[in-house]
């Protein structure tokens, strides 16, 4: 799934770049640094070897680095690709809180954005929506004195963001972004739902790991 998303977005960006190659100011490349507020998911309590019950897994809030490449197909509409890397630690929680180990959260999203205002305006608010994948990296842990590795996992995710670009000149801008990326993890049984026409069926309670990012950076327009 992730590979298909990357291929499709690559084709779209390449096509857009070709159609605007003869025009200036149509490609934007940016880098950003920020902080991510993260949460995980809960589950059934598990009795661990230390005598505590654990029923929740969360990434710790941590710093993030990212970049984006976008092509303005019109003065307002932009197609692009977002990359984000968050170095974090995995925590388990319950009757005790414990750090499991270091791991990374990596996001890959193709996006469509709308930039408000005129193309040459110094101040341009924007909003974007993206589809892609989030990878939760592997974790090296020590269990009962033996080193082990918890395998990583990649899941489909969406992302939405809003922010502001301030252009110091036609080619350089400061960029400030707030972004939410919910990643589907699992579905818990939610109970039975009964309807006089459709009858009774089991419904689920989906759980998502959410990353809320506040970041700033620089954008270059070519």
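Between residue 168 and residue 188, residue separation times 0.36 nm minus the direct Cα-Cα distance comes to 2.2 nm.
Arranged from fewest to most other beta-carbon atoms within 10 Å of their beta carbon, 131, 64 become 131, 64. Using the Cβ-Cβ distance between residue 52 and residue 129 with R0 = 30 Å, the FRET efficiency computed as 1/(1 + (r/R0)^6) comes to roughly 0.15.
So, R0 is 22 Å and r is the distance between the beta-carbons of residue 210 and residue 104; what FRET efficiency does that work out to, to 0.05? Please report the intermediate quantities before stating the final value.
Working: r = 17 Å, r/R0 = 0.77.
It comes out at approximately 0.85.
Neighbour counts of C-beta atoms inside 10 Å place 46, 105, 185 in the sequence 46, 185, 105, starting with the fewest.
Cut-off is 10 Å between beta-carbons; in what order do 149, 158, 134, 95 appear when sorted fewest neighbours first?
Values: 149 10, 158 17, 134 26, 95 13.
Ascending Cβ contact count within 10 Å gives the list 149, 95, 158, 134.
Just so you know, all these numbers are worked out from the coordinates, no wet-lab data involved. As the structure is a prediction and not an experimental result, all values here were calculated from the model. Cβ atoms come from the backbone with ideal geometry, glycine included; neighbour counts cover every protein chain shown.
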